[in-house]
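Below you'll find the structure, written out as structure tokens, and then a few comments.
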Amino acid sequence: MRARAAAIQAKRSKKRLPAEVASRVLRQRAFYMVEVAGAKIGLGRTGSYRAAAEGIIPTERHGKFLLVRKLVWDAEVKRLRQRAARSPAGARHHGRRHHLTYETPPS
């Protein structure tokens with residue numbers, strides 16, 4: 001009986017992460033902040049949020065956070081880089097925006 005009580009007490013005494021900290025850790029594993037996602041394609045903070053507003057960076061709102069799924073964004077960045085490497089003449093900057101848009105080169 002005493003061993004069981006000790007096991008129960010040990011189980012209860014294990015320190016758990018507060019919910020706020022646990023959710024932050026999970027967020028960091030599965031999502032990028034918009035600024036980090038934009039930095040992967042050479043954008044600053046303002047440019048990243050502009051690209052997110054225009055739908056170039058796919059975002060999700062989780063409470064007060066605007067986040068980008070890592071798996072989705074990493075695949076998109078890889079695709080964009082491969083496409084730019086195949087056709088560097090097709091990658092053009094438009095105006096003051098710093099993100100790349102891809103057009104078909106003129107024939």
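The values are calculated or read from the model by the stated rules, or taken from the named source; none is laboratory data. Quick caveat: nothing in here was measured; it's all calculated off a predicted structure. So basically every Cβ, Gly included, is an ideal-geometry build from the backbone, and we count neighbours across all protein chains shown.
Numerical summary
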quantity	calculated
Residue in the stretch 71-86 that is modelled with pLDDT under 95 and not in a helix (DSSP H, G or I) present	no
Neighbours by Cβ (under 9 Å, 6+ apart or cross-chain): first from the stretch 51-72, under 12 Å from Gln28 (Cα atoms); second of a type in the set (D, E, K, R)	Phe65/Arg27; Leu67/Arg27; Leu67/Glu60; Leu67/Arg61; Val68/Glu60; Arg69/Glu60; Lys70/Arg29
